[in-house]
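Enquirer: Let me begin by handing over the structure; questions about it come next.
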Amino acid sequence: MATPTLRTRALVLGTAIALVLLGAAALAPPSAQGADPFSAHGSARQVYAVGLPAGASATLLDGAGQEVATQDADSLGGLLFREVAPGAGYRVREDATGATSGPVTVHSEAAAPWDPSIYDQSIPQDGYSYLTTRDGTQLALTVHPPTHPAGIGGLPEGFPVPNGPDYLPPYPTLIEYSGYGYAAPDAPVSGIAALANLMGFAVVDVSMRGTGCSGGAFDFFEPLQNLDGYDVIETIARQPWVKGGKVGMMGISYGGISQLFTAQLRPPHLAAISPLSVLDATATTLYPGGIRNDGFAVAWAKERQEQAQPAGVGATGTQPYAEQRVAEGDATCIANQALHGEAADLMTKIQQNAHYVPEVADPLDPITFVHKINVPTFMACQWEDEQTGGHCPALVRHFTGTSKKWFTFTNGAHIDSLDPTTLNRWYDFLELYVAHQPPALNQAVIRAAAPLIYQEAMGVPLTDLVTLPLDPIQARLTYAGALAAFEKLPAVRVLFDNGAGPSPIGIHSAGDPYPAYERSFSTLPVPGTEARSWYLGANGALASSPPARPQFVRYTSDADALPRNDYTGNTGTGGLWGNASQWSWDWKQNPPGTAISYLSAPLTQDLTTVGAGSVQLWVRSSTPDVDLQATVSEVSNGHETFVQNGWLRASERKLATTSDNIFKQPSTLLQPIPTMLASDVEPMPQDTYTRVTIPLYFQGHAYRKGTQIRITISAPNGTQPIWSFDETEPAGTTADVHVTSSRQMRSRLVLPVVPGVTIGSRQPPCPSLRNEPCRPAVPFTNETATE
């Protein structure tokens, strides 16, 4: 398995920077180097001090001289007090000597700048530099102008890199902002700046505070990171080399999520955002159904913790570009490491927040604040995203702050928000709402670069020249005409059967990132969507009505019954992100007795599903708690194709009765919402069947006439390429799980059927659908149980 990080491969075609490892002496504490006495600084609900002796005890005093908190400086003499009430006159006292800092002011987390003159600083129009935020923290950044694309070197002779009078400053400019090594001078680590450069944009790649060469201490999307994003936008927008005095934001994954957090503050000079492959709430990735996602989310958090360590002290896992700049003597980068040791302990925070705590979770969940975003927005996500997960579409109904919003959803992997059909629309959006020019103007360069982009980013075989399809917006030669045509597009577009479509010249290559067809809708949930039920019946049948006689089945819930993952190879470029010839799926059937499975009769008509769903079960468990995994699949022509999963910890089964919940919306049959509150946790009753509702993640799938729908219930694991679950219930043992279905206890699968949608292609071959593995369809016999 590839290192589980929210990564996309940067388009780096030149030589990679070598990692330089330094001894601990390279960054000795300031006091050991004969530095000046320590200094203290006020921030947003924080006070930080630098220059203290390593390990020195220091106390924060309020304006009246009363002690607020005491803690020790880290090994580099840095110290950070969090959760400090706003006010003036705070001081920091070094306890051993009694030395006291000057007074500092602690501000609120409101977006309004404390001193607008900070935005008057000058940033070079090309290359690496630092930007100072409102609390004095310096953020590392690199500006990549379009004429010098990020990380692209050694291109074939005559390759059309943006050049000429159309690409002179002032440039239309985009910000790419995350905790990865975005400020690395050659190219952002896991960034996509090169794509925007080829579109004609300058890109400013910024490393978040507490990472790489940026100053400050890292925490996961703390309010200060959002304020920093605000300051970056307002500072860059004022640069003379920026066209129009406004900037947009772009980025995928971490660099996409950060846009949602920043844009909620409504920076005045933000033109538009374009988040790709994002999440809706932390819990839907970290704790799906209340079960901790160790395979991706926990591993990602550990990686963030490592990368937030100080560079130059011999720590492992730090960001390579910061190590190199420290080794080369970058004095600002060296000084900026002083507070890296004060990074928040993400693992402790994860352990302490296994349940929904509104005051902790809501500020970290975009679904609670995207209604504040008031700029044009383009967003793309995948139903089966192996990293962030398939719950991003829940955001659509909450984007109420802007009427200019467009969303694209498809089956696929994390990288598929960059597939050719989506890339076209993303490009059109950026040209219209950030560059304010017709997309026809610069489309030749990005089209010429497309085969190289997809070979580098997705790793498709060199024999497959993946190109961009024709785009009607790019055929409009005037800005007014292109804008009018774009704004007539429906808000929601669904690309169906991605991987099974033809290339623009009609070539079919299984798994190449082309959809078979697309359909558009005004919003999501799609108006008129029906909650259609299939009931668990006799002999493993999935029926249109409940069984006349009660049915009883059982299985052994064993999280080790299958391998943790269903993919054995590289889960990134040239593997999972490539095409079918490069995939290495190993999606196994559950061993007998470790699951129950139900199969519908062949469908009598085509069905299209768009949205979330659920599985309602009447369950009895031999243990007080048990984790449940639901897997929806389609059976056709002797093959079974994965569609979607859902999870639930049975003790977390209580559903919300109001909109005051994690998703800030009513719980429904198609989108049931467990409260996830610790106070609502309830053990499974002994010897009694209890209704348990498993929320299904979103899907956009075409079930054709003659195919069959299957639902399988088991313990977690074995159906995802990266996500996996180590700490399942019952812990360290198995459970005997019984399920009943009858007219009184209706166990059923509920899917979001959209009537009247025409399916635009034949059944896709196996394999071809991106991130939807297929396998031979084999019968599964459920074990019967007594009442």
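The values are calculated or read from the model by the stated rules, or taken from the named source; none is laboratory data. Computed from a prediction, not measured in an experiment: that's the story for all the values here. Virtual Cβ from ideal backbone geometry, glycine too; neighbours counted across all protein chains shown. In case anyone asks, the SASA skips ligands and DNA or RNA and just uses the protein heavy atoms, side chains included. Shrake-Rupley method; radii C 1.70, N 1.55, O 1.52, S 1.80 Å.
Enquirer: Give the Cα extents of segment 363-467 along the principal axes, in whole Å, largest first.
Expert: Largest to smallest, the principal-axis extents are 45, 35, 19 Å.
Enquirer: Restricting things to Cα coordinates, could you compute the convex hull volume per residue of segment 461-613 in Å³?
Expert: Spread over its residues, the Cα hull of segment 461-613 gives 189 Å³ apiece.
Enquirer: Let me ask something else. For segment 292-431, taking Cα atoms only, what is the radius of gyration to one decimal and the Dmax to the nearest whole Å?
Expert: 19.2, 50
Enquirer: Name the aspartates and glutamates eligible as straight-distance cross-link partners of Lys243: C-alpha to C-alpha under 13 Å, and not fewer than 8 places from it in the same chain.
Expert: Asp166, Glu431
Enquirer: Which number do you get for Rg(Cα) / (2.2 N^0.38 Å) in the chain?
Expert: With N residues counted in the chain, Rg over 2.2 N^0.38 Å equals 0.97.
Enquirer: Counting Lys and Arg as +1 and Asp and Glu as -1, what is the net charge of the other residues whose Cβ lies under 15 Å from the Cβ of Ser117?
Expert: Taking every other residue near Ser117 into account, the sum is -3.
Enquirer: To check my understanding: the extent here is largest minus smallest coordinate of the Cα atoms along each principal axis. What are those three numbers for segment 671-787, in Å, largest first?
Expert: Cα spread of segment 671-787 along its principal axes, largest to smallest: 49, 36, 33 Å.
Enquirer: Okay, moving on. Working from the alpha-carbon coordinates of segment 678-726, get Rg over Rh, Rh being the Kirkwood radius.
Expert: Rounded to two decimals, Rg over Rh is 1.05.
Enquirer: Kirkwood Rh, Cα Rg: Rg to Rh for segment 619-693?
Expert: Result for segment 619-693 is an Rg/Rh of 1.07.
Enquirer: Could you bin all the Cα-Cα distances of segment 508-560 into 10 Å bins starting at 0 and give me the percent of pairs in each, rounded to whole numbers?
Expert: Taking every Cα pair in segment 508-560, the percentages come to 16, 20, 22, 32, 10.
Enquirer: Here is a follow-up. When the label point is put 7 Å from the Cα of Thr668 along its Cα-to-beta-carbon vector, which residues of segment 517-546 have a backbone N closer than 17 Å?
Expert: 521-533
Enquirer: Solvent-accessible area per residue for the chain at a 1.4 Å probe radius, Å²?
Expert: I get 34 Å² per residue for this part.
Enquirer: Ratio to report: Rg/Rh of segment 365-424, with Cα atoms as the point set and Rh obtained by the Kirkwood method; give two decimals.
Expert: Dividing the radius of gyration by the Kirkwood radius yields 0.98.
Enquirer: Another question, then. Let me know the volume per residue of the alpha-carbon convex hull for segment 62-161, in Å³.
Expert: In segment 62-161, the Cα convex hull volume per residue is 173 Å³.
Enquirer: If you don't mind, another one. How are the Cα pair distances of segment 416-491 distributed, in percent, across 5 Å bins from 0?
Expert: Per 5 Å bin, starting at 0, the Cα pair percentages come out as 3, 16, 26, 22, 15, 10, 6, 2.
Enquirer: Let me ask another. Taking 0.36 nm per residue of sequence separation and subtracting the Cα-Cα distance, how much length would be gained by fully extending the chain between Asp586 and Ala85, in nm to one decimal?
Expert: Going from the current span to full extension adds 175.0 nm.
Enquirer: How about Lys302: which lysines have a C-alpha closer than 27 Å to its C-alpha, ignoring those fewer than 8 places off in the same chain?
Expert: Output for Lys302: Lys349.
Enquirer: Any chance you could get the radius of gyration and Dmax over the Cα atoms of segment 741-787, in Å?
Expert: 17.2, 46
Enquirer: Using only the C-alpha atoms of segment 90-242, find the volume of their convex hull and express it per residue in Å³.
Expert: In segment 90-242, the Cα convex hull volume per residue is 127 Å³.
Enquirer: Percentage of Cα-Cα pair distances in segment 321-383 greater than 13 Å, rounded to whole percent?
Expert: The answer is 78 percent, as a whole percent.
Enquirer: Looking at this model, which pairs from Lys246/Lys372; Lys246/Lys488; Lys246/Lys405; Lys372/Lys404 are more than 21 angstrom apart at the alpha-carbon?
Expert: Beyond 21 Å: Lys246/Lys488.
Enquirer: Considering the alpha-carbon set of segment 649-688 alone, what are its Rg and its Dmax in angstrom?
Expert: 11.0, 35
Enquirer: What full-extension length gain, to one decimal in nm, is calculated for Glu67 and Leu477 as 0.36 nm per residue of separation minus the Cα-Cα distance?
Expert: Result: 140.9 nm gained on full extension.
Enquirer: How many times 2.2 N^0.38 Å is the alpha carbon radius of gyration of segment 586-724?
Expert: Against the empirical 2.2 N^0.38 Å value, I get 1.12 for segment 586-724.
Enquirer: Between segment 101-127 and segment 326-377, what's the alpha-carbon centroid distance in Å?
Expert: Between the Cα centre of segment 101-127 and that of segment 326-377, the gap is 19 Å.
Enquirer: May I pose another question? Quick one: check the C-alpha center-to-center distance for segment 262-291 versus segment 515-588, whole angstrom.
Expert: If we compute the Cα centre of each part, the gap is 26 Å.
Enquirer: Here's another thing I want to ask about it. Mark the label point 7 Å from the Cα of Thr97 along Cα→Cβ and return the residues of segment 68-86 whose backbone N is within less than 19 Å of it.
Expert: 71-80
Enquirer: Relative contact order for the chain using alpha-carbon pairs under 8 Å, separation at least 6, rounded to a whole percent?
Expert: Over the chain, the number comes to 13 percent.
Enquirer: Given a Förster distance of 60 Å, report the FRET efficiency between Asp606 and Asp345 from their Cβ-Cβ distance, rounded to the nearest 0.05.
Expert: The calculated FRET efficiency here is 0.70.
Enquirer: Within 9 Å, Cβ to Cβ, of Phe486, how many net charges do the neighbouring residues add up to if Lys/Arg are +1 and Asp/Glu are -1?
Expert: Taking every other residue near Phe486 into account, the sum is +1.
Enquirer: Largest first, please: the extent of the C-alpha atoms of segment 44-113 along each principal axis, to the nearest Å.
Expert: 36, 25, 17
Enquirer: Next question. What percentage of the solvent-accessible surface of segment 587-652, computed with a 1.4 Å probe over protein heavy atoms, is contributed by carbon and sulfur atoms?
Expert: The value for segment 587-652 is 54 percent carbon and sulfur by accessible area.
Enquirer: When the scattering of segment 180-241 is computed by the Debye formula from its Cα atoms alone, each counted once and equally, what is log10 I(q)/I(0) at q = 0.17 Å⁻¹?
Expert: Results for segment 180-241 at q = 0.17 Å⁻¹ read -0.66.
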